[in-house]
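Structure, as structure tokens:
The values are calculated or read from the model by the stated rules, or taken from the named source; none is laboratory data. Given the structure is predicted, the values throughout are model-derived calculations rather than measurements. Neighbour counts run over all protein chains shown; Cβ positions are idealised from the backbone, glycine included. Surface accessibility is based on the protein's heavy atoms, side chains included, excluding ligands, DNA and RNA. Shrake-Rupley method; radii C 1.70, N 1.55, O 1.52, S 1.80 Å.
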Amino acid sequence: MKIVDARGKRCPAPILAAAYMLKTVNELTLLADDPATWPDLQAFARMRNCKAEKVGEHEFYLAKAQN
Amino acid sequence: MVLAALNASFGEAWADPGKITSSKAASYLNQSLQSIAYNLGLSPRQIHVLGEPGLAHFYAIQGLLTKNAHFGYLATDRQTIHAIARNHHNSGGRSTEIAVDLSGQAKSYPSDLDLLSVNLGNVETGVIAATDTLPENAMRVCDASTSGLLVPLPEFWDAAVFNSQSWGGPAGISIIAIADEKKWRNPLPHLDASLFPGTYSLPLFIASAVALEMEVKEIGEQRKLRELSSHLRDRISSEISEVDIAGDLEGSLPHITSMSFLLCHGEEILRDLAKESILVDSGSACIAADMQPSHVLAAMGVLTHGNIRITLHRGVTVEDINELVEAIKKSVAKQRS
């Protein structure tokens, strides 16, 4: 699975990086330590109809919705 | 007019109204108390003036909170209330943070609350807590410090916090309403039976009373602001994609609107709007001193990045709103391109 490493980057860079990568893949792992990442990833998933999961403290799973 | 009242009262009501030689100051104080109580729909005996607004929520809540009481507060309540809850918990009491849904309303209330914080207008989003679902058995301390005159107190309440700035008065004056003094005790060490320190500025209090009288006379302006807020929300949601507007029009204060644009920097939008001489605020982490996202937006599940908070003031026109919308559209389009 594609890994997007956005550790050390500030909001909204991790979500921007994940959104950009999701144009070319169906699922990805996002590594990010900005405190806004998890609330914003959930909001992103709601708005884009994706699936978001928190896997670890700084590790997240993001996937396009299956039609 | 508020400024004129302030200047005049600094000239005439500077003396300590408690001294026998300052009957003029005592008369001004009494008239102002009567006026504020009347305009807030309260009895003069129920209202108390505090010159330290930063302590107002502490006084109102802590005065009703007994050691083992169960205190409930919304996840979106102001940080001061979170701090009071933590302090209560650390002192052996029970505190429960109540989760909210996407509209900012409580998901459910614990059934055994003794005291509940009720937010009549969130300072960041303008969301007004629905009072028809409040638990009946818990005492209620209402945060009216942002809503002021705009949202009436619920039928049953025990304490309420108002701030003069919410009705256009000067900074530095809070009004605390206590429904039944027998239930409330001064939470700070005190020398006598006085409930509050009384260390507020009388001229500022008089100016607050004048400002409130003016606000009551111009309450029709608030209806205009609601129409403008509706226009703003309609245009933003129909002309810009992927935007989160916190709370709905009917359940929010008319003059505060919080909106977040996906994949945008809040700071960048602020900067672009400032170039057009439009000043707004933001709850995005990139703006906060501690780099933390807004706890209010995060608790609601609303996008925290790309956030701007718009406060509409009296005198704003539909042309101003249209200009604002065009400036936001331009900034968002630039960032997303």
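See the values below:
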read-out	value
Strands (runs of 3 or more DSSP E) (entirely within the range B:156-253) containing at least 1 residues that are surrounded by 23 or more Cβ atoms within 10 Å (Cβ to Cβ) and either at pLDDT 95 or above or at negative phi (or both)	B:159-163, B:174-178
Failed condition for B:I308, given (1) within 14 Å of another protein chain (Cβ to nearest Cβ); (2) in contact (Cβ under 8 Å) with a residue 60 or more places away in the chain; (3) hydrophobic (A, V, I, L, M, F, W, C)	(2)
Restricting the range B:254-263 to residues that are open to solvent by less than 10 Å² (accessible area, probe 1.4 Å) and within 14 Å of another protein chain (Cβ to nearest Cβ), the residue that is nearest to B:L120 (Cα to Cα)	B:S258
Residues located in the range A:41-60, provided they are open to solvent by 30 Å² or more (accessible area, probe 1.4 Å) and more than 14 Å from every other protein chain (Cβ to nearest Cβ)	A:K51, A:E53, A:V55, A:E57, A:H58, A:E59
Scope the range B:264-281; condition of a type in the set (A, V, I, L, M, F, W, C), open to solvent by 30 Å² or more (accessible area, probe 1.4 Å) and not in a loop (DSSP other than H, G, I, E, B); matching residues	B:L270, B:A274
Unmet requirement for B:G247, which otherwise passes all of (1) within 14 Å of another protein chain (Cβ to nearest Cβ); (2) closer than 29 Å to B:W167 by Cβ	(1)
A:R10 open to solvent by 70 Å² or more (accessible area, probe 1.4 Å), of a type in the set (K, R), within 22 Å of B:L102 (Cβ to Cβ) and within 14 Å of chain B (Cβ to nearest Cβ)	no
Qualifying positions in the range B:280-308 - under 19 Å from B:T257 (Cβ atoms) and modelled with pLDDT under 90	B:V280, B:D281, B:S282, B:G283, B:S284, B:I287, B:P293
Close pairs (8 angstrom Cβ cut-off, 6 or more residues apart or separate chains): touching a residue at least 12 places away in the same chain (Cβ under 8 Å) in the range B:223-238, open to solvent by 70 Å² or more (accessible area, probe 1.4 Å) and in a helix (DSSP H, G or I) anywhere	none
Qualifying positions in the range A:50-67 - modelled with pLDDT of 95 or more, more than 12 Å from A:T29 (Cα to Cα) and assigned to a loop (DSSP other than H, G, I, E, B)	A:E57
Matching residues, the range B:140-151, being open to solvent by 10 Å² or more (accessible area, probe 1.4 Å) and within 13 Å of the chain's Cα centre (by Cα)	B:S145, B:T146, B:L149, B:L150, B:V151
One residue from B:E242, B:E323, B:E268 being among the acidic types (D, E) and more than 14 Å from every other protein chain (Cβ to nearest Cβ)	B:E323
Count of residues meeting criterion [more than 9 Å from chain B (Cβ to nearest Cβ) and either within 19 Å of A:A65 (Cβ to Cβ) or open to solvent by 10 Å² or more (accessible area, probe 1.4 Å) (or both)] in the range A:26-40	7
Single condition B:T96 does not satisfy, out of (1) under 30 Å from B:R226 (Cα atoms); (2) of a type outside the set (D, E); (3) surrounded by fewer than 17 Cβ atoms within 10 Å (Cβ to Cβ)	(1)
Flag if B:Q62 is within 20 Å of B:L120 (Cα to Cα) and in contact with a Pro (Cβ under 9 Å, 6 or more places away or on another chain)	yes
Lone unmet requirement of (1) open to solvent by 60 Å² or more (accessible area, probe 1.4 Å); (2) under 20 Å from B:S174 (Cβ atoms); (3) of a type in the set (D, E, K, R) for B:E124	(1)
Single residue of B:L273, B:L225 found to be among the hydrophobic types (A, V, I, L, M, F, W, C), closer than 23 Å to B:G148 by Cα and away from chain A (no Cβ under 14 Å)	B:L225
Flag for A:Y20 being of a type in the set (S, T, Y), open to solvent by less than 50 Å² (accessible area, probe 1.4 Å) and either closer than 16 Å to B:G306 by Cβ or not in a helix (DSSP H, G or I) (or both)	no
